[in-house]
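Below: one structure, written as structure tokens.
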Amino acid sequence: MNIYIFNSKIILYVPILLIIIFISSKNALSNQIEPKMSINGSGLEIPRIVSLKKSITYMRSGPGKEFPVKFELKQKGYPLKVVAEFNNWRKVITYSKITGWIHTQLLSSFRTGLLTKTTFLKTIPSNSSNSIAKLLPNLLINVIICKKNWCKIEIVKSKVYVGWVKKETIWGSTKN
């Protein structure tokens, strides 16, 4: 009779043990499946906005010089969103949704942005303030500081213009 009780306990405990092992291994596997956004990267926040250091920059199809050039960017200061890192390479996306890899030596942390729609440059961060200029979409701007709803910006053309625009009108001012 003691043997029967011992066998019934084994029969009872083995399925419970198998269920526990299955659940714990499923959690371990799900942790391994999640893709890493940074492999030996900078440790900085991802996604984040960076800008181009040079007036001609090649965007590659992968993280290395052995990968073919996918696209050529021709505007110094153009803002890009970093979405992944691999060693000294950054996977970036443009405002027009073009993605590729650029070496860190070609990128700057200098804050720039692109206007997404026609807006007015204001003297102070208020809708009722005086307008300095009418700004058109796709204008490259330098972002000086952003507050809750407004950003102080600089535009360098034949003359330097400084003023405020609504934050929502700038691609590169927030996590968009």
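Please list the equivalent ellipsoid semi-axes of region 38-110, computed as the square roots of five times the alpha-carbon gyration tensor eigenvalues, in descending order and whole angstrom. Can you show the working numbers first?
On the way: eigenvalues 53, 42, 23 Å².
Computed over region 38-110, the values are 16, 14, 11 Å.
Across all C-alpha atoms in region 113-171, the radius of gyration and Dmax reach 10.0, 30 Å.
Cross-link check: pairs Lys117/Lys148; Lys70/Lys167; Lys70/Lys91; Lys122/Lys147 evaluated at a Cα-Cα cut-off of 24 Å; pairs beyond the cut-off: Lys70/Lys167. Label positions at Ser55 and Phe71, each projected 7 Å from the Cα along the C-beta direction, are separated by 2.1 nm. Length available on full extension from Val162 to Ser109: 0.36 nm per residue minus the Cα-Cα distance, which gives 17.1 nm.
Every read-out reported here was derived from the displayed coordinates using simple, explicitly stated rules and does not represent laboratory data. The model shown is predicted, which means the values in this text are computed figures rather than measured ones. FYI the Cβ positions are ideal-geometry reconstructions off the backbone, even for glycines, and counts take in every protein chain you see.
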